[in-house]
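Data block below; observations after.
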Ligand code: ADP
């Protein structure tokens, strides 16, 4: 992990350097060409001015080019000297009247070429190259003594490339240094940015089954990494809850299975050592079988519950008349309630519908009713009600039995939980776990209120079906299904 983060850091840094390097190179070349253009423009302007000045000093007399300056003006003399370094004067026939040495070195035109220049007219710029030397020449036609002549004036262009090239040399010498600096800075910045990721990795590495409580401290920067940390911590929370549940579950299962298994073993051992008659053996086997039954009940219930909780037990949703379900079950339980000396009352609002699984609704109500009857002593009451409350179907099962101690209330939905001291033969402690799952699977919720010695009340609230059907239409639906 650390290695990966490091390589990510390296990749980030290299990306910075590459992007920055590309930018700088592009900027360098753009500047160079811009600089060249500016300088070239300047030379062109200057050569234009030179031509104008030369034209001012020049006149042609009897086929002779004559340069006229005021000899007292030192500046003018010097200026003219410089001007005449690249100069050429010719007549319309292509006959050269004057040509400086500098001009000659750059290559001499033929008479035809000079005549062609005449035709091109005035203000024409030409670059002449001779080896390393580049000269920009400006040609133009002028009139003297009523005749037309061609005047060419030039300037060295060698300097045009000089400055940009010097700039490029300096710039590209400094570039590696700049890139090295970018690398160092980028390395530092990428390291800083990836630090929380490193911490996350370290924390993840420290976490094992026994340290699932570990959380990564948040940075409160409210950025992507904080979101990652929050998501990671939430995942840890869920994992640790699941882990804890599994741990508790396996302890509970082994505990629950051990009791009947020890029972079976004890009974069989005693029978083996002490039983003499067939009758005594029979009795031992019957007792052992009862415990075997208990074990298979536990295993069956557990299997169902785990299927339910892992989502393998899918709900078969359809409109269910809750009133009908409760009514039928109340009738079923009536006989056993009477036997136990209990009064079973029901107050049922007709046709309360939900969109749910009929079998699971049966299981839910059965569990609640069975508990109420189990934990209410002789002479007690059990009241069942179904009503529609706004958009909710509400089922309540209330008894005036022994009640549930306050400290046990938060645990009654846990698997295998029984109120301490409760007779283990009364149940497996799994009924309410089922109830809990069924309510959740139907997007409902449940409340329990209980007072020791006064009784217990369970209230289940489920979303009522939006299209609560009339009895006729539900009959039609039932018929259609058959
Ligand atoms: P069991 O199969 O043991 O009834 P449940 O999960 O249905 O398991 O219930 C968990 C425990 O909650 C029971 O063992 C019992 O102690 C308590 N309990 C449930 N319903 C009632 C009730 N109506 N009155 C008193 N105690 C109850």
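We did not get these values from a lab; they are worked out from the coordinates using the rules stated. Being a predicted model, the structure only gives us computed values, none of them experimental. Every residue, glycine as well, gets a Cβ built from its backbone with ideal geometry; the counts of neighbours run over all protein chains shown.
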C-alpha center-to-center spacing [the range 94-122, the range 42-88] in angstrom: 17 Å
Space enclosed by the convex hull of the alpha-carbon atoms of the range 196-246, per residue, Å³: 58 Å³
Residue 81 paired with residue 327, simple spin-label distance in nm, labels 7 Å along Cα-to-beta-carbon: 13.0 nm
Using alpha-carbon coordinates, inclination of helix 322-339 to the longest axis of the chain, degrees: 30 degrees
Relative contact order for the range 53-94, counting Cα pairs under 8 Å that sit 6 or more residues apart, in percent: 26 percent
Euclidean distance of C-alpha centroids, the range 231-253 and the range 136-165, integer Å: 92 Å
The range 183-294: relative contact order as a whole-number percent, Cα under 8 Å and 6+ apart: 18 percent
Span from the the range 353-421 Cα centroid across to the the range 176-194 one, whole angstrom: 67 Å
Rg over Rh, two decimals, the range 321-413 (C-alpha only, Kirkwood Rh): 0.98
Range of Cα positions in the chain per principal axis (Å), largest first: 160, 63, 40
Per-pair calculated FRET efficiency, R0 = 51 Å: residue 219 and residue 42 via Cβ, rounded to 0.05: 0.35
Global form of the range 262-343, assessed from the alpha-carbon gyration tensor, a/c cut-off 1.5: oblate
Value at 222 nm in deg cm²/dmol, rounded to 500, when DSSP H runs of n ≥ 4 in the chain each add -39,500 (n - 2.57): -20000 deg cm²/dmol
Net lengthening on full extension, residue 445/residue 317 (0.36 nm per residue, minus Cα-Cα): 44.3 nm
In degrees, nearest ten, helix 431-441 long axis to first principal axis of the chain (Cα): 40 degrees
Relative counts (whole %) of C-alpha pair distances in the range 1-91, using bins that are 10 Å wide: 13, 23, 16, 12, 10, 9, 8, 6, 3, 0
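Let me check against my output: what whole-number percent is the relative contact order of the range 1-92, with C-alpha pairs under 8 Å and at least 6 apart?
Values: 21 pairs, mean separation 11.9, N = 92.
Relative contact order comes out at 13 percent.
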Ordering of 404-417, 84-97, 223-236 by burial proxy (mean other Cβ atoms within 10 Å per residue, highest first): 84-97, 404-417, 223-236
At R0 = 45 Å, FRET efficiency that the Cβ-Cβ distance of residue 243 and residue 23 yields, to 0.05: 0.30
Potential extension, residue 235-residue 104 segment - 0.36 nm per residue separation minus Cα distance: 38.4 nm
Angle in degrees between helix 278-309 and the longest Cα principal axis of the chain, rounded to the nearest 10: 30 degrees
